[in-house]
Amino acid sequence: MDFELNEEQKLMLEEVKKVCSEKIAPQAEQVEKEGRFPRLMLLASMDLFGLVIPEEYGGLDMGFLTWSVIAEEISKACATTGLSFGANILCVYPIMAFGNEEQKKKYLTRLAKDSIGAFGLTEPEAGSDAGSVKTQAVKKNGKYYLTGRKIFITNGGEADIYVIIASTDPSRGARGLSAFIVEKDTPGFTIGQHFDKMGFKGLPNVELVLEDCEIPEENLLRREGAGFKVAMDTFAAGRIGVGIGALGVAQRALEEAVKYSRERVQFEKPIASFQAVQHLLADMATEIEAARLLLYKAAWLKDQGKPFEKLASMGKYYASRVAMDSTVKAVQIFGGYGYTTDYPVERLMREAKLFEIIEGTSEIQKNIIALKVLKEYK
Amino acid sequence: MNIIVCIKQVPDTEHLHEVTINPESNTLNRTGIPSIINPFDSNAVEEALRIKEKLGGKVTVMTMGPPQAENALRETLAMGADEAILLSDIKLAGSDTWATSVALTRAIEVIGDYDLILFGKQAIDGDTAQVGPEVSELLAIPLITYARKIEILDGKIKVERVLEEGYEVLEAKLPCAVTVTKEINEPRFASMRGILKARKQEILHWNLEKLKVKEEEVGLKGSPTQVIRIFSPPPRPKGEMIEGENTEEKVAKLLEKLKSHRII
Ligand SMILES: Cc1cc2nc3c(=O)[nH]c(=O)nc-3n(C[C@H](O)[C@H](O)[C@H](O)COP(=O)(O)OP(=O)(O)OC[C@H]3O[C@@H](n4cnc5c(N)ncnc54)[C@H](O)[C@@H]3O)c2cc1C
Ligand SMILES: Cc1cc2nc3c(=O)[nH]c(=O)nc-3n(C[C@H](O)[C@H](O)[C@H](O)COP(=O)(O)OP(=O)(O)OC[C@H]3O[C@@H](n4cnc5c(N)ncnc54)[C@H](O)[C@@H]3O)c2cc1C
C-alpha cells in the first residue's frame, strides 16, 4: 500500500494550488454574493476538464484519484467552482462508459477541451425514485422527440452538452428509460426557471424544458432501455466527486477554524488554548482524514477497474456528514463573528447541507450500503 | 520568430526576510529558502509565448545559476517554452552583472539564430536592472527597456515604453533586446499537459567550454565590481506612541513635541 502521491500528481497539485490561491479563492465571496458563474474556463485552459478522459479523445487519462486530489483543492478554494467542475463528470462519465466510438470522438474531445457538461435526471415527481422519470422520448423517422421537464440541473444554461434521461417505453418503468446526448442549441430545448437556493448562489440550477426536442438517433447512449443503468453508474462515479466537494468544504472549515482560534484572544489567551476548542478541532481533523481515506479508496478502486460503488456511497455519505458537522463546529469556534457574513464559515455551513442531498440523499446512500453489506456477509 | 528569454531564479518574496547575510564572505545565505522565477521574467516568458503563438517560431529560455535553477526552467517549459538552457559551471560562481552578461551573451552567440531577446526589467533581489542593457551592448543590438506592450511588424518591433508619467512609443530593427514590466501581460498558469511534458523534457546544461569563454572572463575573476561590505540596515528605532485622554489632547501633545524639535 502506498499513500504517497506520485511526482506527476504533486506537480499538478502544486500548480492547481497556485491558481486556487491566486484566482479561485479570492473570488469565492463574489461568486456567492453576486451569484456569478465561476471561472471554469480558467480551469479548462489548464487542461483540467480532461483529467479522466482517455488520451485518444484529447484527455490526460489521469484517473479519478488524481481528479479527486485536484478537485478537493478547487472545492476548498470555492465550493461553487468545485461543484460546477464536478458536475462536468456527470456528463463525461456516461459518454466514456456507455458511448460508442463516434459519440466519444465527437463529444469527449469537446468536453476534454472546454465544453461544459450537465446531467439531467431529476424531475418534479422523480427525485430519489429515479426510475419514475416521466419525460418521454418518442421515435419518429429515425429521430427521437423528447418532451418533459427536468429540475435542479447543475450547470444548466452554461453547459454545452447534456446527458438526459427519458422514457422510451413508459410501460416498462425504470427498464423503459434511455439516455440521450443533447446539445444546447437543439430546437425544443430551453432553460426554464432558475432555482434560488440556500447556498451555492453562483451555481446554476435550472429547469430544462423539453418540447418535441429533436435528437438524432445516433445520440442515444448504448440502447433503448439502458437509461436506468446509465444513470445509476453515473451517480456511482459522481458520488466520488460530490464526496470530494464536501471534503473540500470541511477542510476549509478546519483551516479557517484553526487560524481564527489562534488569533482570537479571550480571557487573555488565544481561544485555541482552551481544551473545549481544541477538541472541536481534533474531531474535525480526525473525521476529515477518515472521509478523505474513504473517498481516495473509492477513487483508487475505480481506477483499478474494481467494484467501487459501496466505497463511493460510504465516502459520499460520510464526507457530507463530516462537512455538515465540521462547518457547524467552525461557526461555533468563530462565535458571533461566525454567524456574520464577514467570515466565510457561515457560507461553508450553508454549502455543506447540499452534499447530504444531491447525488442520492444520505438515506439513499445508507440504503445502497446496507444492500451491499447484506449481500456481502450473508 | 526565434525568441530567447533570460530568466533568473530569485528567493520567494514571501521568504525574502529569511535571507541572511554572511558578514565573513559578504554573500547571501539562501539555503532552505524557496525560490521562484523573478516575477518580471515570468512576464517576459509569457510575452515570448504570445508572440510565438501569433507568429510561429521557437522560445528558448535560459538562465545562469546553480543546478537547482532547473526547476525555474522546467516551470517555463510547462508554460509552453520549447527549449531550456542552464548555464552552470562552478567557475561562473560569484559573477557580478558584467560577468553574468558576458556568460549570457556567449550563450546567445552559441544559439546564434535569434530575432528577439527578452529580459525582466530588473531582478527583485539584485535590483540593478543592468543585465539586459549589458547583454544588448555586448551583442551590439538595439535595446528598449520597460516595455508595457510589444508589437512585431515586418522586420521591426514597436514598443510602448513606460515613463514616469505616461509612455513613449519606440520602434527598432530586429534583432533587438527588450526588458519588460509587469504591465505587459498576466503570465499564464501552466497547463497539466505542459507539466507532464516538461517533466520528461531535457534541459541543456552548458559549461564554460560550451560557451567558449575563458575562466578569467567570468566568475569572481571576471567581475569588475567587488563587494566590500554587505550589511543589513540598522533596524528603525521604535516609534513613540502619544498617549492622551482624547484626540484633542493627543494632537496638542504632538504639536508641542514637533515644536520643541523645531520641526514646525
Ligand atoms: C443544488 C442541487 C443540484 C442538483 N443537481 C442535479 C443535477 O445536476 N442533475 C439531476 O438530475 N439532479 C440534480 N439535483 C437533484 C437531486 O439529485 C435531488 O434533489 C435528490 O436526488 C433528492 O431528490 P428529491 O429532491 O426529489 O427528494 P425526495 O426524493 O423527495 O426526498 C425527500 C426526502 O425523502 C427521503 N427519501 C426518499 N426516498 C426514500 C427512501 N426510499 N428511503 C429513505 N428515505 C427516502 C429522502 O432521503 C429525503 O430526505 C440537484 C439538486 C440540488 C438541490
Ligand atoms: C561582486 C558580486 C558578486 C556576486 N556574487 C554572486 C553570487 O555568488 N551568487 C549570486 O547568486 N549572485 C551574486 N551576485 C549577484 C549577481 O551578480 C546578480 O544578481 C546578477 O548579475 C544579476 O544582476 P541583478 O540581479 O541585478 O539582475 P538585473 O540586471 O536586475 O536583471 C535584469 C534581467 O536580467 C536577466 N538576468 C539577470 N540575472 C540573470 C541570470 N543569472 N541568468 C539569466 N538571466 C538573468 C533577467 O531577465 C532579469 O530580469 C554578485 C554580484 C556582485 C556585484
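Selection over segment A:70-81 of residues that are within 21 Å of A:L294 (Cα to Cα) and either open to solvent by 10 Å² or more (accessible area, probe 1.4 Å) or among the polar types (S, T, N, Q) (or both) gives a count of 4. Can you list the helices (runs of 4 or more DSSP H) lying wholly within segment B:152-264 that have 3 or more residues being within 14 Å of chain A (Cβ to nearest Cβ), in contact (Cβ under 8 Å) with a residue 60 or more places away in the chain and open to solvent by less than 60 Å² (accessible area, probe 1.4 Å)? Output list reads B:192-200. Residues that are among the aliphatic types (A, V, I, L, M) and outside any loop (DSSP other than H, G, I, E, B) were ranked within segment A:1-18; the one that is farthest from the other protein chains (Cβ to nearest Cβ) is A:L13.
Selection of first residues in segment A:192-208 that are touching a residue at least 12 places away in the same chain (Cβ under 8 Å) and open to solvent by 10 Å² or more (accessible area, probe 1.4 Å) and of second residues that are more than 9 Å from ligand 1 (Cβ to nearest atom) and among the acidic types (D, E), restricted to Cβ pairs under 6 Å at least 6 apart or on distinct chains, gives the following pairs, ordered by first then second residue: A:G192/A:E207; A:Q193/A:E207; A:K201/A:E32; A:P204/A:E158. Residue pairs whose Cβ atoms lie under 7 Å apart, separated by 6 or more positions or on different chains, with the first residue in segment B:16-32 and surrounded by 12 or more Cβ atoms within 10 Å (Cβ to Cβ) and the second assigned to a loop (DSSP other than H, G, I, E, B) and of a type in the set (D, E, K, R), are B:V19/B:R30; B:N26/B:R229.
Residues checked against (1) within 16 Å of the chain's Cα centre (by Cα); (2) in contact (Cβ under 8 Å) with a residue 12 or more places away in the chain:
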site: A:S320; (1), (2): yes, yes
site: A:Y339; (1), (2): no, no
site: A:Y343; (1), (2): no, yes
site: A:E363; (1), (2): no, yes
site: A:K366; (1), (2): no, yes
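Kindly indicate whether A:I357 is modelled with pLDDT of 95 or more and either among the aromatic types (F, W, Y) or near ligand 1 (Cβ under 10 Å from one of its atoms) (or both).
Numbers: modelled with pLDDT of 95 or more: yes; either among the aromatic types (F, W, Y) or near ligand 1 (Cβ under 10 Å from one of its atoms) (or both): yes.
Yes, satisfied.
In the set A:E218, A:E183, A:E214, only one residue is more than 16 Å from ligand 2 (Cβ to nearest atom), among the charged types (D, E, K, R), more than 14 Å from chain B (Cβ to nearest Cβ) and over 25 Å from A:I89 (Cβ atoms); that residue is A:E214. Please tell me if A:L42 is closer than 18 Å to B:G194 by Cβ, assigned to a helix (DSSP H, G or I) and open to solvent by 10 Å² or more (accessible area, probe 1.4 Å). Yes; evaluated as a whole, the condition is true for this residue. Of the strands (runs of 3 or more DSSP E) lying entirely inside segment A:175-251, those containing at least 3 residues that are touching a helix residue (DSSP H, G or I) at 6+ places or on another chain (Cβ under 9 Å) span A:177-183. Considering segment A:322-336, and only residues there that are among the β-branched types (V, I, T) and open to solvent by less than 50 Å² (accessible area, probe 1.4 Å), the residue that is farthest from the chain's Cα centre (by Cα) turns out to be A:I333.
Picking from A:G35, A:G86, A:G82, which residue would you name as being outside any helix (DSSP H, G or I) and either over 16 Å from the mean Cα position of the chain (by Cα) or away from chain B (no Cβ under 14 Å) (or both)? Before you say what the answer is, go through the steps one by one.
On the way: A:G86 fails: outside any helix (DSSP H, G or I); A:G82 fails: outside any helix (DSSP H, G or I).
Result of the check over A:G35, A:G86, A:G82: A:G35.
For segment B:1-15, a residue qualifies if it is open to solvent by less than 50 Å² (accessible area, probe 1.4 Å) and under 19 Å from B:A93 (Cβ atoms), and the qualifying residues are B:C6, B:I7, B:Q9, B:V10, B:P11. Taking first residues from segment B:94-108 that are among the charged types (D, E, K, R) and partners that are open to solvent by less than 10 Å² (accessible area, probe 1.4 Å), the Cβ contacts under 6 Å between residues at least 6 apart in sequence or on separate chains come to B:D96/B:S223; B:R106/B:L211.
The number of residues in segment A:57-69 that are within 14 Å of chain B (Cβ to nearest Cβ) and over 13 Å from the mean Cα position of the chain (by Cα) comes to 9. Contact map, segment A:114-133: first residue under 19 Å from A:G176 (Cβ atoms), second residue among the hydroxyl-bearing types (S, T, Y) and crowded, with 21+ Cβ neighbours inside 10 Å, Cβ cut-off under 6 Å, separation 6 or more or different chains; pairs are A:G120/A:Y162; A:V133/A:S167. Of the helices (runs of 4 or more DSSP H) lying entirely inside segment B:36-112, the ones with 3 or more residues being more than 10 Å from ligand 2 (Cβ to nearest atom) and within 26 Å of A:M46 (Cα to Cα) are found at B:39-55, B:70-79. Restricting attention to segment A:178-191, the residues being over 23 Å from the mean Cα position of the chain (by Cα) and either surrounded by 15 or more Cβ atoms within 10 Å (Cβ to Cβ) or farther than 28 Å from A:T80 by Cβ (or both) number 4. Please tell me if A:G176 is farther than 17 Å from A:E214 by Cβ and either within 16 Å of ligand 1 (Cβ to nearest atom) or within 14 Å of chain B (Cβ to nearest Cβ) (or both). No: the conditions fail for A:G176. Take the conditions (1) at pLDDT 95 or above; (2) farther than 27 Å from B:T225 by Cβ; B:I37 misses just one of them, which is (2).
Which is among the aromatic types (F, W, Y), away from ligand 1 (no atom under 16 Å from the Cβ) and surrounded by fewer than 16 Cβ atoms within 10 Å (Cβ to Cβ), of A:Y296, A:Y339?
A:Y339
The values are calculated or read from the model by the stated rules, or taken from the named source; none is laboratory data. Worth saying up front: this structure is predicted, and the values here are computed from it rather than measured. A quick note on method: Cβ atoms are made from the backbone with ideal geometry, for glycine too, and the neighbour counts reach across all protein chains shown. Quick note on the areas: whole protein, heavy atoms, side chains included, nothing else; ligands and nucleic acids left out. Shrake-Rupley method; radii C 1.70, N 1.55, O 1.52, S 1.80 Å.
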